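Report on the following structure.
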Amino acid sequence: MVAPRLTPAPIPALAPIESSGVISDDSGVSGSKVVDANTSLVIVLCADIVVVVDDLAVVAGVVVDVDSSLNIVPTTVYLVALRSHVAQVSGLDEVSLSTSETTRSHEDNTGFHNGRGYELVWAWKYSYVLLAAVVIFILLAGNYAYNDRISSNALPQEPLPTSSDIPKQEPFPHKIWQSWKDDSENPTDRTVGFPHQWRVVNPDWRYERITDANNDAYVLDRFDTNISDVFTSLQDPILKADFLRYLILLREGGVWADIDVYPHQPVSKWIPKQYKGSVNLVIGIENDHHKQPIWPGSPYSVQLCQYSVLAKPNHPAIKTVVDQVAQGLKTLLASKQPGEAVSFEDVMATTGPFAFTKVLMDYFKEMTGVEHTGDELDRLAEPRLIGDVLVLPKDSFGWLPHEKTHEKGDPSIFVEHLFIGSWRDGHPG
């Protein structure tokens, strides 16, 4: 809609505004101050942006407050009434600060009404319109987010993303990744048909298998020598398999599932609707020791599982896992004498769930500013979003039939892990 053109009038020196404008939104929420005592004029532009500037022109729309540090605070409120200053600029009668009076009494003065009970007052002054347009362009180009309510103080900033490589609006890659000695559909006697079932339950997802014959080539092709040299030097199969999962999740994203993980629900059901668009990583709880150490000397009371993970590529937590695992493997290998076995504890702490849990707990602290030990996840009954990581209840990824918490087939059970643990042979401890 085109604004009525008003004849510009010279703007006299204005005294400070004595009263604040009153704002209101559709929900009936009365607003806070729009103008403080030191502001000469508020400019509201038809592009739904308001800029506080001395001696410029006025129209109504969305209001932007400016705090004492000259930080612009945008909002999504649609009314401003500025008393006599609007009249001085536009030649109109004095505009009331009351929203009800404004909508009843001053529609004729402005010649324009938006049909929602909000008056729009228009006025222009010389070439300052161009300046205001430039300000709007800068605001829009800078991706200023609208807030739901206006405040006379700057609103607290949301925590900045740890990595700019993960746009939240991008979907998870529709890929399912597994690794095994070969590409058999029946990897073991206890996992007959498991790989096929992943494709049946997720028909729109691409299935990928990395085997012992091509895992070195995959890593050499995609990672620099700091990573690939460590990976290709590994002789222990479980250390190599653990490291591979993190590398795939970092580079490719999608679902990682160990070969002995059986899918009960489609991946599309793992994230509740209210969290879609806010999640970049989905993990589950493997063990919950109910506020007791998950292993002797551990500061954590839960163990997060890494046998089934959903991630977007380049997630900062997974990047940290990769970096720490690579360094841990270098240290571990350097500490071993020729022929010395890698222990169970070596695996768990260097590449396994102990290492994974530690990195995620550190990441939770980084995202929230609060120490995380797992106590806050004790007996978790519903998915919980921590930063951009969705933590699922234990039964979603860690359900065990003998615990009898749910009947098999319960929709809250997403995957079932058989814990075959064939790798434990040859790893004392």
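The values are calculated or read from the model by the stated rules, or taken from the named source; none is laboratory data. On a predicted model such as this, the values are computed, not experimentally measured, just so you know. No Cβ is skipped: glycine too gets one built from the backbone with ideal geometry, and neighbour counts run over all protein chains shown.
Residues in region 338-356 that are part of a helix (DSSP H, G or I) and either more than 31 Å from the chain's Cα centre (by Cα) or among the β-branched types (V, I, T) (or both): F344, E345, D346, V347, T350.
Just one of the listed residues (G429, G339, G409) is small (G, A, S), outside the structural domain of R245 (by TED's automatic domain parsing) and surrounded by fewer than 20 Cβ atoms within 10 Å (Cβ to Cβ), and it is G429. Kindly indicate the residue of region 186-201 that is surrounded by 13 or more Cβ atoms within 10 Å (Cβ to Cβ) and within 37 Å of the chain's Cα centre (by Cα) and also nearest to Y262 (Cα to Cα) among those meeting that condition. Checking each candidate, the answer is F194.
Taken over region 368-391, the criterion of being surrounded by 12 or more Cβ atoms within 10 Å (Cβ to Cβ) and out of contact with any Asp or Glu (no Cβ under 9 Å at 6 or more places or on another chain) is satisfied by T368, E371, T373, D375, E376, P383, L385, D388, V389, L390, V391.
When the residues of region 258-309 are filtered to those that are within 14 Å of the chain's Cα centre (by Cα) and assigned to a strand (DSSP E or B), the one that is farthest from G387 (Cα to Cα) is V282. On the stretch given as region 412-426, residues that are charged (D, E, K, R) and either surrounded by 20 or more Cβ atoms within 10 Å (Cβ to Cβ) or within 19 Å of W198 (Cα to Cα) (or both) total 1. Would you check if P411 is part of a loop (DSSP other than H, G, I, E, B) and either closer than 24 Å to P296 by Cα or touching a Cys at 6+ places or on another chain (Cβ under 7 Å) (or both)? The answer is no for P411.
Looking only at residues of region 209-227 that are within 30 Å of the chain's Cα centre (by Cα) and surrounded by 14 or more Cβ atoms within 10 Å (Cβ to Cβ), we find that the one that is farthest from Q327 (Cα to Cα) is R209.
Please determine whether any residue of region 314-337 is at pLDDT 95 or above, basic (K, R) and in a loop (DSSP other than H, G, I, E, B). No, region 314-337 contains no residue that is at pLDDT 95 or above, basic (K, R) and in a loop (DSSP other than H, G, I, E, B).
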